[in-house]
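Take a look at the structure below.
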Amino acid sequence: VLKIVKFIVKLAPFGIFGLVANSVAQTGAQGLLSYVKLLILLVATMLFVTFVINALIVFFYTRKNPFPLIFICLRHSAFFAFFTRSSAANIPVNMALCAKLGIDKEFYGISIPLGATINMAGAAVTIAILSLTAANTVGIEISLLQAFF
């Protein structure tokens, strides 16, 4: 069974390419442009959470400039996290980064797995944006005020 699953996973990119090619053939580049806009919105919102919301939280608690640490984390951890779309898969990457930064293992050994489970800001952003997109797709008009409340 595992060999069959691995075989299917290896073939998945070809199937996905076929589905995307079929969609582009039917709708033209305009259909693909909608997905590009959605991807840009998702990335922009996640960057806002990282550079504004999280930075304010770190500054509030430490009274230090959070951006050097944010850039280190982005360079070593964020891209892996974004493309795997898995907090659990990113735990070893974050633990290695903490060890490299000289953080006490007793601290990050508890806080990273806990944070990966509790801090789901990326998932919250994705769910909110995809919900609004789905509503818009079926013709439900949602104002900016309704989106926030």
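Observations
- The helix-based estimate of mean residue ellipticity at 222 nm for the chain, built from -39,500 (n - 2.57) per DSSP H run of four or more residues and divided by its residue count, is -25000 deg cm²/dmol to the nearest 500.
- The phi torsions of region 109-124, fed into the Karplus equation with coefficients 6.51, -1.76 and 1.60 and a -60° offset, translate into couplings of x, 9, 6, 5, x, 5, x, 5, 7, 8, 7, 10, 4, x, 5, 5 Hz, rounded to whole numbers, with Gly and Pro shown as x.
- Alpha-carbon centroids, region 59-132 and region 1-41: separation in whole Å: 28 Å
- Length added when fully stretched, Lys105-Ala128, from 0.36 nm per residue minus Cα-Cα: 4.8 nm
- Relative contact order, percent, the chain [alpha-carbon distance under 8 Å, six or more residues apart]: 15 percent
- Cα-centred dipole magnitude for region 35-148, charges only on beta-carbon of K, R (+1) and D, E (-1), debye, nearest 20: 280 debye
- Spin-label model, Phe83/Leu33: points 7 Å from Cα along the beta carbon direction are separated by 2.8 nm.
- Once the Cα gyration tensor of the chain is diagonalised, semi-axes √(5λ) in Å: 33, 25, 13
- Taking the Kirkwood radius as Rh and the Cα radius of gyration as Rg, region 76-125 has a ratio of Rg/Rh equal to 0.97.
- Efficiency of FRET from Cβ geometry, Glu141 and Phe51, R₀ 30 Å, rounded to 0.05: 0.50
- Placing unit charges on each Cβ (+1 for Lys and Arg, -1 for Asp and Glu) gives region 28-116 a dipole about its Cα centre, and among Gly102, Ile57, Val36 the Cα reaching farthest toward its positive end belongs to Val36.
Read-outs throughout are calculated quantities, based only on the coordinates presented, and are distinct from any laboratory measurement. Everything quoted here is computed from the prediction, not taken from an experiment. Ideal geometry is used to build each Cβ from the backbone, glycine not excepted, and the neighbour counts take in all protein chains shown.
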